[in-house]
1. Residues of region 597-621 with backbone nitrogen within less than 18 Å of a virtual label 7 Å along the Cα-to-Cβ line of Ala523, please, listed as ranges.
2. Given a Förster radius of 45 Å and the C-beta distance between Ala231 and Arg507 as r, what FRET efficiency does 1/(1 + (r/R0)^6) yield to the nearest 0.05?
3. Sum -39500 (n - 2.57) across every DSSP H segment of at least 4 residues in the chain, then divide by the residue count to get the 222 nm mean residue ellipticity, nearest 500.
4. Rounding to the nearest 10 and keeping the result within 0 to 90°, find how far the Cα-based axis of helix 300-309 lies from the longest principal axis of the chain.
5. Which aspartates and glutamates have a Cα lying under 16 Å from the Cα of Lys482, excluding residues fewer than 8 positions away in the same chain?
6. I need the calculated FRET efficiency for the pair Glu301 and Glu457, taking r as the beta carbon distance and R₀ as 60 Å, to the nearest 0.05.
7. Ranked highest first by average number of other Cβ atoms within 10 Å, how do 725-733, 698-706, 484-492 line up?
8. Please give the residues of region 67-86, grouped as numeric ranges, whose backbone N is less than 19 Å from a label point set 7 Å along the Cα-to-Cβ vector of Asp123.
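No lab work stands behind these numbers, since they all come straight from the coordinates. Please read all numbers here as calculations on a predicted model, not as lab measurements. In this analysis, Cβ positions are derived from the backbone assuming ideal geometry, glycine residues included, and neighbour counts consider all displayed protein chains.
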Amino acid sequence: MNAMASGLVVAPMCTAMALAADPIHIGSRRELFVDNFMIHELKGDVRLDMHRPIRREIVFRADAPWEGNGSAYQSVFQDGDRVRMYYRGGHHEASEAYSTDKRSWETLCVAESSDGLNWTRPDLDIIEFEGAQHNNLILDAAMVREVGGSPAHTSVFKDANPACPPDERYKIVMGGYRPKGLYLLVSGDGIHFRLRSKTPFMTTGAFDSQNLAFWDSVRGEYRLYHRGFNAGVRDILTCAAPDFDSFPEPAWITYPGSPTMALYTNQVQPYHRAPHIFMGFPMRYNERGWSGPMLDLPGRERRLERAKHHPRYGMTVTDAVFMTSRDGATFHRRPEAFIRPGPRQRESWVYGDNFIFWGMFETPSLVEDAHPEISFLAVEGYWEDEDTAVRRYTLRIDGFVSANAPYAGGELITKSFVFDGGSLAINAETGGFGSFQVEIQDADGVPVPGYGLADCEPIFCDSLRYIVHWNDTCDVSRLAGKPIRLRFLLKDADVYSFQFVPTEPAREIPDSPSVGIMPSKNADREPFVVLEDDFQAVSSGAEPFVGDGDRGWKVVTPQPELVQVLTEGENHFLELKRGEGGHRNGGRAWVTMLPHDSADTTNGIVEVKARLRVPETNAFCVDIDAYDCPPEQYTKRAFHARFWPDGKVSHYARPKPESKGEKYDPEEWTKPGRIDVPALSFMPGEWFDVAIRADLKTATFDLTVAGKTVQGLQFAQQNTHRIQTIGFYPNTDNCTMHLDSVRVVVTP
């Protein structure tokens, strides 16, 4: 998954004051886990992992006569049904970098693509180059000579300001030197540009790289990010203004907790799916010095040639890093590389490489029918041969950072917030054995009834927009406008983002009991009898009535004599036997429910009354079990009562640790564990009455044996809140169970 730890540690905030802090108003915006802004606490093995993009194909080469190996400072953006890329043309011989040789020109070019993969150069006929005008040049030094403009130091963007005049919709931010500063060029078509003013709109800064500006639609202002030297270190200045005529004195952006590093560019932009979050992908500059490892890198001879002009051109490596901000001034900058220089063994680890273009766009996945991805473009082979390559990289949509947990699991709890919307959409992926669950809590951390962890089935998926359901609903509109928190329980899962969207319809559930899929619950239904049988209508030696497998008895046995009705005088009863040879040589009888009956048990009450006899010659216990699965699948077990040949009673569960300091996982309660119920007993070999009252909402049951009751026994699995089948059977070899009557009643 190309993931790595971000180093971000979120300390738990356990005080009531922390829980009751003023809620964050997120409205309906998408929130990404790129930082700890929304996070109150991480528990267990959950951490925030940064994901590196996947290196893909080379999609373009700057190999036209007016381009060359010095092409850089590219801008790329989606423009209607096409993607536009603006890039500088230029070429430098290894030993003549920045010389006045005729090959060291400075131009600005444009290329276009319908899919971001296949690029063409429009024939613009604007600028003559070496006697020919059929090219894709839109700007050269002669066009901006009066301000000493540099087409090599530009950025291009499409202005999203609603008040922008149509003939200024496209803008170029350019460095110039008469006087020194940043200048603005404007255009109505993105091809034919004009200088908006001969006066620079910013004069504080170094400006000797790509400097950029854009319209911040969330705050309604233009933001400027440009190059400067902060105590001798390449760094980034910023400021904001309502227009390009009123930028104030800029200030340095800050990176709390991040080590000092030189940033050659900044590439800051609002993330198009969550524009309140700024993302930057700076090219990081690092003079490693001459050493054995430096000489061992690819391209040694070329490196030494470049060093003849200046040592730093030979001993510098550049990579890309990732940073985010909520205010545009303070950034969370990760020290690990977002794009590493390798793995190629030529045209890599080069000064100027791994420069990520300013901008990103969405493209179809190379994997058949998978969801789309984000594509980045980056420079490769800078100053190496005759051209510069454009390498494509891809990343999952929203996939910059995830809240990740291995199978050992853990939790993420958000800060208190207020939202608008009616359903919760999650961008997440899990393993086939992994899952995540979501609980909605109030501002104090108390689960909201109906939206607890137990109400959310473990979700396994790979989805950009998974709509979370709690029981049979995904409607959370009644909680809109109220302070809430989200609690995520993760196991082998990555969660990237969440968003509250307009209310979605509840999922359609087919009527298919064979695979355990149930229709929606009818909460208005009156109590109903699932089965009532005293076996009097069945002849001796026959099986109990066997229905169609959906409602009534379902008998499972390899031999008819292992499950049959016997008589004692005028009384008929059912005998279930298990001989030698394991469970396949045993008889079982199951009460099975119709799909709508089973659905109506969800969070309801199920009452079972039976009259039993347990021979004292049994080798082990006999069981009454309930499951949320078809017969003999033995998954999602509810109550499990056991009756032993010595007259003792137990149930099967694993109790929750009483010590709050003891680590536990609710799923671990499913491990086998005999829990005796000493208050209950019966006489072996004699008939006795059993009553079970199961509360599916609390996952507990009351057990009555021979007139005595014990309340609040735990289900075997605490996340079981529905019943499809109830089993009656001997537990192991050489056991027999007698049933005189059975009655099952459901209260939805």
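1. Inside the label zone: 597-606.
2. It comes out at approximately 0.20.
3. About -1000 deg cm²/dmol.
4. Approximately 40 degrees, to the nearest ten.
5. Once the sequence-local aspartates and glutamates are set aside, what remains near Lys482 is Asp22, Asp420, Glu439, Asp442, Asp444.
6. The computed FRET efficiency comes out at 0.45.
7. 484-492, 725-733, 698-706
8. So the set is 67.
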